[in-house]
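What follows is a single structure, written as structure tokens, with notes after it.
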Amino acid sequence: MTARPVRILLLGGTTEAIALAADLSGDPRLEVTSSLAGRTAGHRQPPGRVRLGGFGGPEGLAAWLRREGTDLLIDATHPFAATIARNAALAGAATGLPRVKIVRPGWQAAPGDRWHRVPTLAAAASLLAGRAGTVFLTVGRQELAAFAGVAGPSFLVRMIEPPAEPLPLAGCRVILGRGPFSVAEEADLLEREAVELLVTKDSGGDATFPKLIAARRAGIPVIMVDRPAMPEGETVASVAEARRWVEAKLAAPSA
Ligand code: NAP
């Protein structure tokens with residue numbers, strides 16, 4: 001083990017990243033820096049040291065890791081954040097740093113669910129053309145553009161704050177609300193807004209699952225967008241496993 005604390009870069013933007021930062025930041029053997037893309041205001045900040053903004057691609061990330069004397073790289077970004085995951089893999093390989101990705105398990109359909117899985121948002125959009133009725137899009141603001149050319153449905157979008165700029169999906173109806181939402185709240189929304197179809201990404205986790213339970217109970221079909229491919233490399237499924245990965249590295253002679 002090195003004499004100074006072991007330096008960890010924790011790529012974040014998820015609840016797992018916040019939980020892991022909270023867990024690791026009290027450990028005197030470690031020096032943890034959480035990194036956020038910095039595009040979403042008002043989200044929870046992880047405890048401890050935080051840096052904001054992109055690194056400038058895989059080369060920029062590798063340069064940052066070298067400059068800061070980083071020892072371990074933990075990718076705790078969202079399963080749909082494919083670019084930063086790829087950059088982390090490339091930068092990990094370029095610097096030779098041990099790297100692990102937290103991959104929370106995807107959702108599995110249960111009896112009563114009417115899910116239709118599609119590989120991409122574009123595939124989801126193509127299924128909606130010419131369809132009438134209200135479609136609730138819970139895909140994230142950045143992904144709305146995929147539905148811009150789709151004529152037919154009335155789109156419903158939920159946001160934390162009113163959009164500062166026009167959304168890339170003209171004519172969609174915006175409702176405001178800050179999650180997490182309970183099953184009862186989601187059921188109420190689906191009924192109140194006469195939602196006929198839900199489109200969502202297979203983000204996994206508990207926080208945004210209640211809408212899927214509400215859709216199941218109401219018999220509402222769901223278009224479920226599969227995850228993008230992830231780079232090769234070591235993965236763990238939970239914060240606790242990530243913690244054990246860190247402990248194993250601390251115990252290893254080369255850490
Ligand atoms: P992305 O498409 O994979 O990344 C785009 C660029 O944003 C990256 O190339 C990188 O810029 C920068 N970036 C992304 N995550 C970063 C981080 N943690 N720290 C520093 N720079 C970061 O990412 P995204 O899908 O836009 O997601 C952005 C952030 O939101 C991620 O941290 C992710 O965990 C979180 N998030 C995403 C989703 C989703 O559905 N995509 C949902 C919830 C939370 P450079 O190339 O300049 O380094």
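The values are calculated or read from the model by the stated rules, or taken from the named source; none is laboratory data. Everything numeric here is computed off the predicted structure, so don't read it as measured data. Ideal geometry is used to build each Cβ from the backbone, glycine not excepted, and the neighbour counts take in all protein chains shown.
Some notes on this structure:
- Note on region 86-105: residues that are within 12 Å of the ligand (Cβ to nearest atom) and assigned to a helix (DSSP H, G or I) total 6.
- Pick from region 231-255, criterion in a loop (DSSP other than H, G, I, E, B) and modelled with pLDDT of 95 or more, ranking: surrounded by the fewest Cβ atoms within 10 Å (Cβ to Cβ): Glu232
- Within the option set Gly205, Gly219, being touching a residue at least 60 places away in the same chain (Cβ under 8 Å) and under 30 Å from Gly152 (Cβ atoms) holds for one residue only, Gly219.
- Verdict on Leu52 being more than 7 Å from the ligand (Cβ to nearest atom) and either over 20 Å from the mean Cα position of the chain (by Cα) or surrounded by 19 or more Cβ atoms within 10 Å (Cβ to Cβ) (or both): no
- Here region 146-158 is the region considered, the condition is being touching a strand residue (DSSP E or B) at 6+ places or on another chain (Cβ under 6 Å) and not polar (S, T, N, Q), and the residue that is surrounded by the fewest Cβ atoms within 10 Å (Cβ to Cβ) is Arg158.
- Leading residue by the ranking (surrounded by the most Cβ atoms within 10 Å (Cβ to Cβ)) among those in region 94-145 that are free of Cβ contacts under 8 Å to residues at least 40 places away in the same chain and of a type in the set (S, T, N, Q): Thr95
- Scanning region 189-205 for residues that are in contact with a Ser or Thr (Cβ under 9 Å, 6 or more places away or on another chain), surrounded by fewer than 18 Cβ atoms within 10 Å (Cβ to Cβ) and more than 22 Å from Pro119 (Cα to Cα) yields Glu193, Ala194.
- Selection status of Thr208, hydroxyl-bearing (Ser, Thr, Tyr), under 30 Å from Arg173 (Cβ atoms) and not in a strand (DSSP E or B): yes
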